[in-house]
1. Neighbouring Cβ atoms within 10 Å as the yardstick, rank ASP126, ASP89 fewest first.
2. Long-range amide H contacts for LYS113: which residues qualify at under 5 Å (H placed 1.01 Å from N, peptide plane, sequence gap of 5 or more or a different chain)?
3. I'd like to compare 111-117, 60-66, 95-101: which one has the highest average count of other Cβ atoms within 10 Å, and what's the full order after that?
4. HN-Hα J couplings of region 150-160 from phi, Karplus 6.51/-1.76/1.60, θ = phi - 60°, integer Hz, Gly and Pro as x?
5. What is region 56-170's relative contact order, in percent, from Cα pairs under 8 angstrom and six or more apart in sequence?
6. Apply the Karplus curve 6.51 cos²θ - 1.76 cosθ + 1.60, θ = phi - 60°, to the phi angles in region 92-99 and return the couplings in whole Hz, x for Gly and Pro.
7. Please report, in debye to the nearest 20, how large the charge dipole of region 56-170 is about its Cα centre when each Lys and Arg carries +1 at its beta carbon and each Asp and Glu carries -1 there.
8. At most 10 other Cβ atoms within 10 Å and a DSSP loop assignment: could you name the GluC sites (Glu not before Pro) in region 76-175 that fit?
Amino acid sequence: MDILFLVIFIYIMYALIYNTSKKSKLVKKTPLLNNDDEPDLIYFYPYKKVDNLLTNAELNFFKVLSLAILETDYYICPMVRLADIIQVDASNNYISHFNRLRAKHIDFLLCDKYTFKPLIAIELDDVSHTKGNRIERDDFLNAALKSAGLKLVRLSVFYTYNLSEIRELLDIKAPELY
């Protein structure tokens with residue numbers, strides 16, 4: 001009986017090892033990046049760059065915001081992932097809380113120019129922010145940033161902006177003129 005058990009055990013081990021090595025040969029390896037592999041790259045890496053990082057409305061505001069912070073100690077970071085600027089405190093539900101913020105981003109973040117400390121989050125609100133799922137997302141964003149102690153400024157999208165109004169809303173002092 002012991003010999004039968006040993007023979008069965010050896011057979012099972014052999015079958016497992018053989019099938020594992022056979023499967024590993026069937027799995028196509030990721031190609032090295034060289035000119036010969038370019039047709040395969042599309043199969044293995046089905047990516048393409050986006051046309052623009054910012055929408056036209058965001059780009060328009062970015063230009064005005066750049067003027068508003070000129071000669072200040074601020075630096076603008078566009079399209080910042082929420083999980084990169086706020087963290088989940090120790091919690092029994094860490095993964096759940098982290099998952100709620102990991103795929104969200106804010107439109108702009110003003111940071112200290114020298115330390116990159118996050119100072120002011122800026123959200124541009126267009127008509128899409130009146131829809132149900134966006135309202136829920138905005139409510140979460142408002143509460144999460146408030147909880148983390150990061151100031152959030154929400155601005156409506158316009159074709160033109162008043163520079164002094166933007167500075168006032170963000171509490172940015174205009175640079176001293178000579």
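Please treat every number below as a calculation from the coordinates, not as lab data. Please read all numbers here as calculations on a predicted model, not as lab measurements. Glycine gets a Cβ as well: all are built from the backbone with ideal geometry, and neighbour counts include every protein chain shown.
1. Result, fewest neighbours first: ASP89, ASP126.
2. Those lying under 5 Å, H to H, from LYS113 are TYR74, TYR75.
3. Highest-to-lowest ranking by the protection proxy: 60-66, 95-101, 111-117.
4. Each residue of region 150-160 in turn: 10, 5, 10, 10, 9, 10, 6, 6, 10, 6, 9 Hz.
5. 28
6. Once θ is set to phi - 60°, the couplings for region 92-99 become 5, 10, 3, 4, 4, 5, 5, 4 Hz.
7. 300
8. Sparse-neighbourhood loop GluC sites (Glu not before Pro): none present.
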